[in-house]
Amino acid sequence: MHYGLSSGAPGPLGATFDGTGVNFALFSAHAERVELCLFDETGQQELQRITLPERTGDIWHGYLEGASAGLIYGYRVHGPYAPRQGHRFNPNKLLIDPYARALKGKLHWCDEILGYQAGRSDADLSFDPRESAPFVPKSMVVAPDLSGLAHARPGHDWIDTVIYEAHVVGLTQTHPAVAADARGSFAGVASPPIIEHLQRIGITAIELLPIQAFVYEHPVARRGMHNYWGYNTLGFFAPHVPYLGTAPNPYGFKAMVERLHEAGIEVILDVVYNHTAESEEIGPTLAYRGLDNASYYWLREDDPRYYVNVTGTGNSFNLKHPRVRGLVIDSLRYWADVMGVDGFRFDLATTLIRDGDHFATPGGFLDAIADDPVLSGLKLIAEPWDVGPGGYKVGAFPNGWAEWNDKFRDTVRAFWRGDERILPELAGRLLGSADLFEHDPVRNCTRPAWTSVNFVTAHDGFTLADLVSYERKHNEANGEGNRDGTDQNYSAHYGVEGPTDDPEIRALRLRQMKNMLATLLVAQGTPMLLMGDELGRSQGGNNNAYVQDNATSWIDWPSLGDEAHALTAFVEQLAGLRRAHPQLRSAGFKHGAQLSNGLRDVAWLRPDGEVMQVDHWNDPGNRSMTVMLCAENEPSLALMLNAGTDAVTFRLPGNSDDVWQVLVSTAEIKAHRFNAGEPITLDARSLLLGEKSA
């Protein structure tokens with residue numbers, strides 16, 4: 001069919017099917033002409049090029065009568081190729097629609113996808129006339145989903161939230177009870193065995209590593225590898241095609257959300273709006289670079305040929321521009337309104353709030369979120385750093401936002417490893433890190449304790465099992481000479497590097513994993529578990545497995561043994577205790593305030609039951625203490641911690657007839673009830689949580 005374009009409308013942006021035709025609308029402030037390119041159903045043969053007939057402001061648009069959902073298309077944008085002025089238009093390069101709801105085809109790395117001629121001495125200042133269409137993904141028109149959500153959002157309060165950071169493939173690829181055609185897909189995540197496992201261990205929200213359409217970086221492709229994690233986004237509206245499985249309908253993602261909601265589990269997306277897959281000036285021309293480089297990217301003021309790179313990925317998305325910021329807000333609204341997503345974790349969120357060396361400027365990204373009636377009510381989590389000047393912004397986000405707390409991670413690891421001088425900092429981390437999060441610097445008000453997203457492990461770094469099995473990283477398989485990944489892991493192997501059959505070492509490693517899991521789940525704040533930590537998943541010491549789309553990164557469900565089942569049962573027990581005891585998930589920060597019952601909401605005791613004094617806090621070798629947690633009309637709790645290499649005798653204050661019940665312990669204890677003042681011995685490297693009986 002040979003189409004003709006009428007003027008159409010400048011909104012909404014993207015390709016909108018209305019039942020009789022498709023309206024196309026595209027932003028480009030510096031373009032001189034925009035061509036809509038139509039392809040056959042395979043996406044291989046270009047059938048027609050039509051110039052968009054109208055421009056309203058900076059929106060180019062046209063209406064294609066008779067076109068329907070499933071149409072494959074792309075854009076060619078004409079304008080100046082002047083890199084020194086920040087412009088990189090090249091109509092020989094087919095571009096995806098930033099608002100495309102689905103993509104067709106794969107990226108094939110070759111020189112034809114570059115806007116310049118590779119190998120020339122003038123590099124990206126040269127111009128490449130070759131055709132890129134055979135080698136790049138295309139956009140697809142998708143019929144709008146007007147069905148709404150079949151199930152109500154679970155709507156868990158922040159104080160009740162337990163997050164599980166997971167990867168679509170890694171979670172499902174080897175599970176024997178997941179249908180073969182559902183493994184590695186959204187359908188696999190929503191399958192009964194996966195949901196039952198999440199429910200068993202008390203998960204209220206699954207946080208998925210990037211599922212928006214992404215491509216592989218050229219260095220990774222050259223090594224014959226894949227970008228497994230997905231932090232290289234190309235399309236902000238389209239699901240990553242392989243995750244759709246055998247039925248590549250973008251609403252397969254929504255079906256997963258519906259099933260998780262039915263099971264009471266919220267869905268949080270890890271989203272990457274700080275940069276795109278087009279990398280630095282020598283990267284490919286796939287979308288934004290060719291649409292309007294000077295608008296979509298943050299360019300250096302002294303030389304617009306180059307990008308401001310505060311992300312460490314080659315470019316920084318320009319959220320200072322209202323149209324680019326609008327694209328991000330529209331994308332978030334799509335995933336929330338249409339797909340039913342309950343929240344977002346923003347990768348390198350500091351980049352999103354930058355304006356030069358200033359942060360959180362009025363009218364910027366934070367205000368756009370706060371002013372949105374839908375987004376402002378969702379779960380919003382910041383990774384509060386980037387690699388630019390002053391980019392470490394833990395505690396700098398406003399009330400209503402939660403933030404990843406890397407201080408919690410490092411402190412808990414160091415404490416259980418047995419490092420010196422850790423106890424004072426651990427005390428603050430256990431109570432939600434008020435020093436970092438209690439004060440809102442943007443709105444000058446108080447923030448709640450759930451602001452701190454506590455984690456011991458995440459996708460980036462050692463797994464929990466590797467944290468207690470390796471003293472150094474082993475990233476050789478990544479092909480970067482073991483230079484990638486952090487060297488600061490706060491890890492220990494307790495006798496031998498890597499796997500061992502030594503029963504004593506294995507027992508100690510299991511106890512240390514339990515210690516850190518327990519510390520995570522009894523601390524104030526919002527706990528986040530890494531996929532597979534509850535099963536003892538190992539990556540063989542690889543602490544940067546971003547290219548390991550294989551057994552290194554997947555949960556090995558068929559091989560789970562007794563230790564894995566013991567860990568799972570332990571996490572189930574901890575999650576149950578957290579639900580049952582409000583003192584473990586307080587909304588407000590605890591500072592030792594006196595309660596009406598005469599007790600203080602928190603107290604710090606020496607093992608002998610006396611109040612901690614300055615000299616005890618300052619003792620570099622002190623690795624033991626008791627944390628007393630009290631609340632109005634709730635039984636008191638006592639958390640005893642011993643990270644030392646020797647057993648320690650503890651006592652709790654109170655009347656001799658006060659009875660304490662052991663709720664959970666990683667020590668070998670003789671009794672599960674004891675009286676105040678009665679000695680109770682905790683093994684080396686162990687903890688105990690007790691409850692005072694009424």
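The values are calculated or read from the model by the stated rules, or taken from the named source; none is laboratory data. Note that the structure is predicted; figures quoted are calculated from it, not measured. Please note: Cβ atoms are built from the backbone with ideal geometry, for glycine as well, and neighbour counts cover all protein chains shown. Only protein heavy atoms, including side chains, enter the accessible area calculation; ligands, DNA and RNA are left aside. Shrake-Rupley method; radii C 1.70, N 1.55, O 1.52, S 1.80 Å.
For the reader, a short list of remarks on this structure follows.
- Residues in the range 607-648 that a label on Arg673 would reach, taking backbone N under 19 Å of a point 7 Å out along Cα→Cβ: 635-638
- The accessible area of Tyr116, taken with all protein chains in place and a 1.4 Å probe, comes to roughly 20 Å².
- Solvent-accessible surface of the range 524-675, averaged per residue with a 1.4 angstrom probe and all protein chains in place: 42 square angstrom.
- Heavy-atom accessible surface of the chain: percent carbon and sulfur, 1.4 Å: 49 percent
- Exposure check, 1.4 Å probe, all protein chains in place: Trp109 carries approximately 70 Å² of accessible surface.
- Oblate is the label for the range 54-127. Its Cα gyration tensor axes, ordered a ≥ b ≥ c, give a/c of at least 1.5 and b/c at or above a/b.
- Proximal aspartates and glutamates to Lys670, defined as alpha-carbon separation beneath 14 angstrom and excluding residues fewer than eight positions away on the same chain: Glu678, Asp683
- Accessible-area value, Arg259, 1.4 Å probe, nucleic acids and ligands omitted, Å²: 90 Å²
- Ranking of His226, His275 by solvent-accessible surface, largest first: His226, His275 (1.4 Å probe, protein heavy atoms only, all chains present).
- Under the simplified labelling scheme, the Gln661-Arg33 pair shows an inter-label distance of 8.0 nm, with each label point 7 Å from Cα along Cα→Cβ.
- Among His240, His358, His218, His321, the order of accessible area from largest down is His358, His218, His321, His240, computed with a 1.4 Å probe on protein heavy atoms.
- Extension gain for the segment Arg200 to His591, taken as residue separation times 0.36 nm less the Cα-Cα distance, is 137.4 nm to one decimal.
- Label zone at Asp562 (point 7 Å along Cα-to-Cβ), backbone N below 19 Å, the range 666-690: 666-669
- Classification of the range 313-375 by its C-alpha gyration tensor yields a prolate form. The axis ratio a/c (a ≥ b ≥ c) is 1.5 or more, and a/b outweighs b/c.
- Spin-label model distance (nm) - Asp357 vs Asp502, 7 Å beyond Cα toward Cβ: 5.1 nm
- Rough spin-label spacing in nm, given labels placed 7 Å along Cα→Cβ, for Asn92 and Asp111: 1.1 nm
- Candidate cross-link partners of Lys393 among the aspartates and glutamates, defined by an alpha-carbon separation under 18 Å and a same-chain spacing of 8 or more, comprise Asp347, Asp355, Asp357, Asp367, Glu383, Glu403, Asp406, Asp410, Asp435, Glu438, Asp440.
- Global geometry of the range 566-648, whether rounded, prolate or oblate, following the gyration tensor of its Cα atoms and the 1.5 cut on a/c: oblate
- Contour minus Cα-Cα distance for Ser376 and Phe127 (0.36 nm per residue): 85.2 nm
- Å² per residue, accessible surface of the range 1-98 at 1.4 Å: 39 Å²
- The chain: radius of gyration over Cα atoms, expressed as a fraction of 2.2 N^0.38 Å: 1.03
- Placing +1 on each Lys and Arg Cβ and -1 on each Asp and Glu Cβ, with no other charges, gives the chain a dipole about its Cα centre of roughly 360 debye.
- Förster radius 45 Å - calculated FRET efficiency between Arg472 and Gln613, Cβ distance, rounded to 0.05: 0.75
- Other residues whose C-beta falls under 11 angstrom from the C-beta of Leu426 contribute a net charge of +2, scoring Lys and Arg +1 and Asp and Glu -1.
- Within straight-line cross-link reach of Lys138, aspartates and glutamates at Cα separation under 13 Å, skipping those fewer than 8 residues along the same chain: Asp40, Glu41, Glu46, Asp97
- Under 15 Å, Cβ to Cβ, from Leu125 - net charge with Lys/Arg +1 and Asp/Glu -1: -1
- Computed over protein heavy atoms with a 1.4 Å probe, the accessible surface of the range 350-407 works out to 35 Å² per residue.
- Computed on protein heavy atoms with a 1.4 Å probe, the accessible areas place Asp562, Asp646, Asp419 in the order Asp562, Asp646, Asp419, largest first.
- Net lengthening on full extension, Glu634/His2 (0.36 nm per residue, minus Cα-Cα): 220.2 nm
- Among the listed pairs Lys320/Lys590; Lys590/Lys692; Lys514/Lys692; Lys379/Lys514, a Cα-Cα separation exceeding 30 Å is found for Lys320/Lys590.
- Once C-alpha pairs closer than 8 Å and six or more residues apart are averaged by separation and normalised to the residue number of the range 415-502, the relative contact order reads 22 percent.
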